[in-house]
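Reading through the structure tokens given below for one structure.
The values are calculated or read from the model by the stated rules, or taken from the named source; none is laboratory data. Only a predicted model underlies this, so the values are computations on that prediction, with no experimental measurement involved. Counting neighbours? That spans all protein chains shown, and the Cβs are built from the backbone with ideal geometry, glycine included. Please note that ligands, DNA and RNA were not included when accessible areas were found on the heavy atoms of the full protein model with its side chains. Shrake-Rupley method; radii C 1.70, N 1.55, O 1.52, S 1.80 Å.
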Amino acid sequence: MIFVRDDLRPVRRRTVVFLACFVLAFAVIAFRLFSLQVVQAPYWRSLAENNRLRRLPLEAPRGLVTDCNGQVVMDNRPAFQLLLFPEEMKEPERTIQFLTRLGLAEEGEVRARVARAQRTSHLPSVIADNLSWAQMAAVAAHRADFQELAVHPATRRAVPAGPAVAHLVGQLGEVSPAQLAADSRLRPGQLVGKSGIELSYQEVLGGVPGNLVVVVDALGRQVSTLDEEPPKPGHPLTLTVDLELQREAAKAMAGLVGSVVGIDPRDGAVRVLLSEPSFDPDLFAGHLEPARWASLVADPLKPLQNRALQALYPPGSTIKPIFAAGALADGVRTPAQSVYCTGTSTIYGHPYRCWLAGGHGHVSLERGIEVSCDTFFYRLAFDAGLTRLAAWARRLGLGEKTGIELAGEMAGLVPSDEWSRRSRGHPWYAGETISVGIGQGPILVTPLQLAVAYAALVNGGFLVTPHLVPEGGKPPRPTGIDPAVLATVRRGMERVVAGEQGTARRLASLPVAIAGKTGTSQVMRKKEGVKWQELPWEQRHHALFVGYAPPAEPTLVVVAVVEHGGDASSVAAPIVARILAKAFGHDVEISTPQLLLANPSYQPEPTPPSGGPAQLAEVRP
Amino acid sequence: MKRLDLAMFVALLPILVCSHLLQSSTARALAQPAYASRQLLWLVLGAVLLLLFAFSDYRLLLRLAPLFYVAALLALAAMLFLAPLRAGTRSWLVLGPYTVQPSEFARIAAILAAAALGARHQKELLAGRTALQLTAVVAAPALLVALQPDLGVALTFVPILLAVLWLGGLPWRTWVVLALSVLLLAAAAWLWYLKPYQRERILTFLEPDRAPAGAGYQQRQSRIAVGSGGLTGRGLRSGTQSQLRFLPAQDTDFIFAVWAEETGFVGSVFLVLCYATVALRLFAIALAARDRGGTLLAATVAVVFTTQTLVNMAMVVGLAPTTGITLPLLSRGGSSLLATCISLGLAQSVWRLRFANL
């Protein structure tokens, strides 16, 4: 048998073809490795670093704020924030749905926050703060699904004094894009002061945020810490405010609308600064929910307004000592000169009525202040003229901002003919001067301005700058009013309380001696034969009282304004008395005639104080 | 021993050492220490099997091939009904603490059967009937595996078919017809067979930025791992991509990326060279074989081993879509390792008996 050997040459040839292909393929792989690992290595290395490193913001705790006695006005408490790392968000829609389910906010709001976070994609943003335990647990449970989310310990502003100091401490809010661009130390989503002390002293209280660079794994878990740059906490701040008095004022003003301002007349240190109605400052300690913000903004009683420096009122009779001082200083009146009050006086052919229908008889300047005789001041205004009245008001700081550290202060209004032509389009009517003489008509002040003006009356004639931090005040400016003039005016204000016919004589029995001046500013024309108690709330007069103590060497001036309070001596004066008594160590509860107080109600458009025909200006003290 | 191909062992040894180093590295990253020790056991067992088959007579095995083949088909068919459903497929048999993947062994049976069949036709060109027979022989087990469904393993049957058809000498006209039908089949598969995620994988490969979060994520993380290794790597067990688990399937499909990240260009090219050497030796064995059966057997083993290696590496470096094809010898998995060792042992047997009388 012949053995035929199988010819393997074709098979071998084809095998070599395979081999050649594969050698080529191995070469391609090696070349690709060279390109990835040698040529492009830095690029891929940086991507790997991005994968594993996370820069976490460490929020700086804001500075501690205490009152003049060391009591805590504001501090911080631990809270947990939810951070979003926009770069790692794969499906924003899914994340938004999850965050909404967590109950952080309404879907629209969540959407807005996520969109805001995406604008600064390289840095994490705070999506929510003050997480509840349940929310933290839910985030932790879904960590693998939502690696862009991280729960982060932080602090939250706490205001133990609550609504009583809400306007004073002000609000925190998320840093604006403009602020972010201006200051590189700020972080997206960081909270900065938006009003009050938080805004004015942002530089002091804010601190500098730090950084924590951590290594995370693919599930977003922190594996280790690579680098830590600790935050620099904000500096502590001591206020001139006395929390005891602030609380007392809040108690006295409970249920009322208005404000209380107390300053030390010697240097302008603010002791009390209260605006009612107030709000819970914790609402603004973190990231605000727009719904609650909207409800505060929509409230007709305007709880967000700081009435102490943003609300304008005609000063009413509280203007009288100011004009009295001016008249004495410029020789329009002498202390001995008196006016006979019959209850009505006719000027420019119009009858101007004194609040006391029967008249006060002979009224000297001191007595004019004591009994708040309108006739005396009608005559005074007539003799002085608008220009001098305005100068006297301006000399005591009315018509311009007091310069307190807080933002949003109003300048008020001291009228002039030029002002009338410019803003009202008609010349000043001579009759209006007579109304202005008793603080009615187009003259508007803030409670804080009133406090500063009275401080100058009782501190020897120096205009102080009200301030909330001891070193915040400027040196007092002399007004140049003769001390003898001021002494006369002060005697008149002492008689308001101590005198037999003083309009606030009910305060004479207080454990501390005080002095001051009542004021009622008219909201609407008075109806004949209708008692103020019978008017609806929004038609009642504003009740004002400025008091100070001790009368000889005053260390505290307190202004109380109760909107639509109706009556100065029975509504506003007791509030001031209560605070002054507290300041000098006495707890007094002066019964405010609660029955007389109507509930504050909505007033669509406040009737402007009468600036028109003079015969309307008939006003109670 | 002297009759075995020592060069292949010289290249295999570093691969097996790497395999153990990598398995302990990924076991640490995945917090599964048992993975490394179990894989070491498989490595030892694999080495024993390699030697065992190296000293067997491949001619006897080729003669018994139909027997193995039928047994394999029966086993695969039985899998469809008996195997538990694990991770969506019926490809695993559970034996106590171990799982076995019979499809890996069925592939050896298919190689043997195809080589045996191919050896019977000693003509320069392959007759159409034989070509059909070969196709049927390879396609039958591949379809059964695809039904499990385990597309990754099913795809590894394709190189077997290509190898035996090419080596047998299929006329070029038939290649054209074949290529067209493959295109048709691919289109049909795209439309009716591929699952959405598989389509997504292919699309993602063609357009990497298509879905950075979904299917593109694996490829991207793999490229980051490879690229961040740089020239000399980040050190064993110090690769951030693997140790912090950004790299998916790091103990199986993407294990080469771990090596590339931790040892850099130097280490990865070294490993590529080792694999290339093994492949080269397998082809050398095929060229040195005494008979047609040996040539076909060794060459088929070489083609299967090399394509699997290349496809996996290409996937890791971003030159091929994610297919679920593992890297022979390196990826975790006992069955795959043992099957690879057996096939290498068969090749060694061809080499050992290259001077034997027919």
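A few points about this structure:
- A:Leu104 passes every criterion in (1) farther than 22 Å from A:Pro236 by Cβ; (2) touching a residue at least 60 places away in the same chain (Cβ under 8 Å); (3) open to solvent by 10 Å² or more (accessible area, probe 1.4 Å) apart from (2).
- Selection from the stretch A:259-297 of residues that are open to solvent by 10 Å² or more (accessible area, probe 1.4 Å), under 26 Å from A:Val445 (Cβ atoms) and touching a strand residue (DSSP E or B) at 6+ places or on another chain (Cβ under 9 Å): A:Arg266, A:Asp267, A:Arg271, A:Glu276
- Filter result for B:Arg354 (touching a Phe, Trp or Tyr at 6+ places or on another chain (Cβ under 7 Å), more than 10 Å from chain A (Cβ to nearest Cβ) and modelled with pLDDT under 95): no
- Annotation for the stretch B:324-335: no member residue is outside any helix (DSSP H, G or I), within 11 Å of another protein chain (Cβ to nearest Cβ) and surrounded by fewer than 24 Cβ atoms within 10 Å (Cβ to Cβ).
- On inspection, A:Leu444 fails the criterion of being at pLDDT 90 or above, open to solvent by less than 10 Å² (accessible area, probe 1.4 Å) and of a type outside the set (S, T, N, Q).
- Number of positions in the stretch A:95-141 that are of a type in the set (Val, Ile, Thr), within 32 Å of the chain's Cα centre (by Cα) and farther than 20 Å from A:Pro177 by Cβ: 1
- Applying a threshold of 6 Å to beta carbon distances and a minimum spacing of six or more residues, or different chains, the list of pairs starting in the stretch A:317-336 at a residue that is of a type in the set (Lys, Arg) and ending at one that is at pLDDT 90 or above and crowded, with 24+ Cβ neighbours inside 10 Å reads A:Lys320/A:Ile369; A:Lys320/A:Phe377; A:Arg333/A:Ala327; A:Arg333/A:Leu365.
- Output for the stretch A:12-21, where each listed residue is at the interface with another protein chain (Cβ under 7 Å from one of its Cβ atoms) and open to solvent by less than 70 Å² (accessible area, probe 1.4 Å): A:Arg14, A:Thr15, A:Phe18, A:Leu19
- Restricting the search to helices (runs of 4 or more DSSP H) fully inside the stretch A:1-107 and requiring at least 1 residues that are outside the structural domain of A:Gly210 (by TED's automatic domain parsing) gives A:9-34, A:41-52.
- Checking each residue in the stretch B:87-101 for being open to solvent by less than 50 Å² (accessible area, probe 1.4 Å) and either in contact with a helix residue (DSSP H, G or I) (Cβ under 7 Å, 6 or more places away or on another chain) or hydrophobic (A, V, I, L, M, F, W, C) (or both) picks out B:Ser91, B:Val100, B:Gln101.
- Counting the residues of the stretch B:118-133 that are more than 14 Å from chain A (Cβ to nearest Cβ) and touching a Leu at 6+ places or on another chain (Cβ under 7 Å) gives 2.
- The number of residues in the stretch B:156-174 that are open to solvent by less than 60 Å² (accessible area, probe 1.4 Å), assigned to a helix (DSSP H, G or I), over 17 Å from B:Lys123 (Cβ atoms) and not small (Gly, Ala, Ser) comes to 3.
- Taking residues in the stretch A:5-24 that are of a type outside the set (Ser, Thr, Tyr), and partners anywhere that are open to solvent by 70 Å² or more (accessible area, probe 1.4 Å) and outside any helix (DSSP H, G or I), the pairs with Cβ atoms closer than 7 Å and at least 6 places apart or on different chains are A:Asp6/B:Gln122; A:Pro10/B:Glu124.
- Residue under evaluation A:Ala144, criteria (1) of a type in the set (A, V, I, L, M, F, W, C); (2) more than 34 Å from the chain's Cα centre (by Cα); (3) over 20 Å from B:Tyr217 (Cβ atoms); (4) open to solvent by 20 Å² or more (accessible area, probe 1.4 Å), criterion not met: (3)
- Take the conditions (1) at pLDDT 85 or above; (2) facing chain A (nearest Cβ under 9 Å); B:Ser222 misses just one of them, which is (2).
- Residue match in the stretch B:102-114 (condition: open to solvent by 20 Å² or more (accessible area, probe 1.4 Å), out of contact with any Lys or Arg (no Cβ under 6 Å at 6 or more places or on another chain) and among the small types (Gly, Ala, Ser)): no
- Residue list for the stretch B:245-297, restricted to those being farther than 17 Å from B:Leu12 by Cα and small (Gly, Ala, Ser): B:Ala249, B:Ala257, B:Ala260, B:Gly264, B:Ala286, B:Ala288, B:Ala289, B:Gly293, B:Gly294
- The stretch B:109-129 - residue that is farther than 20 Å from B:Val301 by Cα and part of a helix (DSSP H, G or I) and, of those, modelled with the lowest pLDDT: B:Gly128
- Residue within the stretch A:22-43 that is open to solvent by 40 Å² or more (accessible area, probe 1.4 Å), out of contact with any Pro (no Cβ under 8 Å at 6 or more places or on another chain) and over 22 Å from B:Ala225 (Cα atoms) present: yes
- When the strands (runs of 3 or more DSSP E) confined to the stretch A:324-428 are screened for residues that are closer than 21 Å to A:Arg491 by Cα and among the hydrophobic types (A, V, I, L, M, F, W, C), none reaches at least 3 such residues.
- Across the stretch A:341-354, not a single residue is classified as surrounded by 15 or more Cβ atoms within 10 Å (Cβ to Cβ), closer than 30 Å to A:Gln310 by Cα and in the same structural domain as A:Leu486 (by TED's automatic domain parsing).
- A:Ser132 being in contact with a strand residue (DSSP E or B) (Cβ under 6 Å, 6 or more places away or on another chain), in the same structural domain as A:Pro209 (by TED's automatic domain parsing) and either more than 30 Å from A:Gly255 (Cβ to Cβ) or surrounded by 21 or more Cβ atoms within 10 Å (Cβ to Cβ) (or both): no
- Subset of the stretch A:99-118 (residues that are touching a strand residue (DSSP E or B) at 6+ places or on another chain (Cβ under 9 Å) and within 12 Å of A:Val139 (Cα to Cα)): A:Leu99, A:Leu102, A:Leu104
- Residues that are part of a helix (DSSP H, G or I), within 7 Å of chain A (Cβ to nearest Cβ) and not aliphatic (A, V, I, L, M), drawn from the stretch B:243-302: B:Gly264, B:Phe265, B:Ser268, B:Phe283, B:Arg292, B:Thr295
- Residue ID - nearest to the other protein chains (Cβ to nearest Cβ), chosen from residues in the stretch A:39-92 that are more than 27 Å from A:Pro231 (Cβ to Cβ) and touching a residue at least 24 places away in the same chain (Cβ under 8 Å): A:Lys90
- Options B:Arg59, B:Arg86: the member that is charged (D, E, K, R) and within 17 Å of B:Ser343 (Cβ to Cβ): B:Arg59
- Against the test of being more than 17 Å from A:Ala60 (Cα to Cα) and either surrounded by 14 or more Cβ atoms within 10 Å (Cβ to Cβ) or within 24 Å of the chain's Cα centre (by Cα) (or both), the options A:Pro177, A:Pro188, A:Pro231 yield a single qualifying residue, A:Pro177.
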